[in-house]
Amino acid sequence: MEENEKEKILMHQRKRRKHKIKLAVQSVILLIISAVLIIMYFKLSKNEYNKYTENAKVDYKVNLKENEFYEEDYLDENSNIIASLIKNIEVNFKYNLNLEANQEYTYNYKILAKTNVRKSSNTNSIYETTDELVIKDNQTSNSKKLEISENLTIDYEKYNEKINKFINLYNLDNTTSTLELEMYVNVINKYDGNQINEESKVMTLSIPLTTKTVDISIGSNVVADEGKALLKKSEYENITYVLWIGVILGVLGVIIFIRFIKYILDTRSAETMYDQQLKIILFNYKSYIQKANNAINKEEYKVIQINTFNEILGLRDTMQAPILMYTDENEDRTEFMIMNEGILYVYVLGAKEIRNELRAKSAERKMKKEKNKN
């Protein structure tokens, strides 16, 4: 290989290496800046929240009228009770809201008694009334724990007689009558004015009403939930531009990285391509090839140049002759040959030949671009 040609190769490799480093550095820098900006945006624009849990509980006991069947004055919850023996019901409503951190809020609550009469097969009410048993106006607190407890005595007989009068007056049958005690709690965040607890109705105690002496049971529905309340808004909520800059830089970084990969694939050095192709041939067809230690004197043969290794393989199968291989390490050049009746069939795989082919293709692409422009 001539010195001038070697110098050109080295110069090309240095230029290629510099361009690869330039693209790689640009891509990495843009992606790092992009990641920093995006992470910074989400951290700075993040609001602070206060987690909470809430739960409610209702306890009750049923006070009995004087009777000859029960020795007790009252029965606890989850007991079956004869309706006509109920005097009144003592109910204890408990509601707890637990915050992770202190926060200022206001709260109010109320307890309602709703009587409801409906046809057994229908969900629509025939008759409904609502009484306000407890109303607590807004209270202010900054405690992590909100605890509400209310004790009420429900005159069961009064509600039962009222519903009985309605049913008898209109001669109704096949009806379902209930007394529902509902507790509503509203906890308002003073910071943003929004309600902290999602559901205002925190518990319901459903008491069947009946004029018949049948067993009744009392069912309850209470809330048990968790969530979060806004504690502090971010001071940097108007920095969306930081996110967009980060995204744009990230996209540019990815584009440059793709260009970097494409450049590596498009500008692989002839030497690298030569090494790769030679390794593939030897890996796949080593058993068909005999290595020659010395160059063959071509003057003794009629030389026919073969364009591809596959053609050499085809000739080998046809002529049943071995493929000889001679490699010139200094030239990065390997010849694959088949001798037959004074003819030497030669396929040359070399860095120089690959480079000339690449240059020819590059020149062809440039000509096509110029034609398209014109």
Roughly speaking, what is the stretch gain from residue 279 to residue 296, that is 0.36 nm per residue apart minus the C-alpha to C-alpha distance, in nm to one decimal?
3.9 nm
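Net charge near residue 111: determine it from the other residues with C-beta under 10 Å of the C-beta of residue 111, scoring Lys and Arg +1 and Asp and Glu -1.
-2
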Quick one: what are the phi-derived ³J(HN,Hα) couplings along the stretch 231-246, Karplus 6.51/-1.76/1.60 with θ = phi - 60°, whole Hz, x for glycine and proline?
9, 7, 6, 5, 6, 10, 6, 9, 10, 4, 4, 5, 4, 5, 4, x
By the C-alpha gyration tensor axes a ≥ b ≥ c (rounded if a/c is under 1.5, else prolate when a/b exceeds b/c, else oblate), the shape of the stretch 68-141 is oblate
Tell me, what is the per residue accessible area of the chain in Å², probe radius 1.4 Å?
65
Kirkwood Rh over alpha-carbon pairs of the chain plugged into Stokes-Einstein at 10 °C, 1.306 mPa s gives a D in µm²/s of 51
Would you compute the Debye intensity of the stretch 186-340 from its alpha-carbon atoms alone, equal scatterers and no solvent, and pass along log10 I(q)/I(0) at q = 0.08, 0.11, 0.12, 0.13 Å⁻¹ to two decimals?
-0.59, -0.77, -0.83, -0.89
Could you calculate the contour length gain from residue 140 to residue 357, that is, 0.36 nm times the residue separation minus the distance between their Cα atoms, to one decimal place in nm?
69.6 nm
Using only protein heavy atoms and a 1.4 Å probe, report how much of residue 252 is accessible, in Å² to the nearest 10.
80
How much of the DSSP beta bridge set in the chain is antiparallel, as a percent to the nearest 5?
90
For the chain, which whole-number percentage of the solvent-accessible area (1.4 Å probe, protein heavy atoms only) is attributable to carbon and sulfur atoms?
48
Under 18 Å Cα to Cα from residue 119, which aspartates and glutamates show up? Leave out anything in the same chain fewer than 8 places away.
128, 173, 180
Per the C-alpha gyration tensor (a ≥ b ≥ c, the square roots of its eigenvalues), the stretch 261-323 is rounded if a/c is under 1.5, else prolate if a/b beats b/c, else oblate; here it's prolate
Any chance you could check the Cα centroid distance between the stretch 105-133 and the stretch 153-208 for me, in angstrom?
4
Backbone HN-Hα couplings from phi across the stretch 148-156 [Karplus 6.51/-1.76/1.60, Hz, Gly and Pro as x]:
10, 9, 10, 9, 10, 10, 9, 7, 4
If you add up the charges near residue 130, with Lys and Arg at +1 and Asp and Glu at -1, over every other residue whose beta carbon is less than 11 angstrom from its beta carbon, what do you get?
-3
Using mean Cβ contacts within 10 Å as the protection proxy, how do 359-370, 134-145 order, highest first?
134-145, 359-370
In straight Cα distance, which lysines are under 18 Å from residue 61, not counting same-chain residues fewer than 8 positions off?
87, 94, 158
Using θ = phi - 60° and the Karplus curve 6.51 cos²θ - 1.76 cosθ + 1.60, what whole-Hz ³J(HN,Hα) does each residue of the stretch 21-27 get, with Gly and Pro shown as x?
4, 4, 5, 5, 5, 4, 4
Whole-angstrom Cα spans of the stretch 57-205 along principal axes, big to small
55, 39, 23
In terms of solvent-accessible area of protein heavy atoms at a 1.4 angstrom probe, what is the ranking of 180, 300, highest value first?
300, 180
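The values are calculated or read from the model by the stated rules, or taken from the named source; none is laboratory data. Please read all numbers here as calculations on a predicted model, not as lab measurements. Here the Cβ is made from the backbone with ideal geometry for all residues, glycine too, and neighbour counts use every protein chain on show. For accessibility, only protein heavy atoms count, side chains too; no ligands or nucleic acids. Shrake-Rupley method; radii C 1.70, N 1.55, O 1.52, S 1.80 Å.
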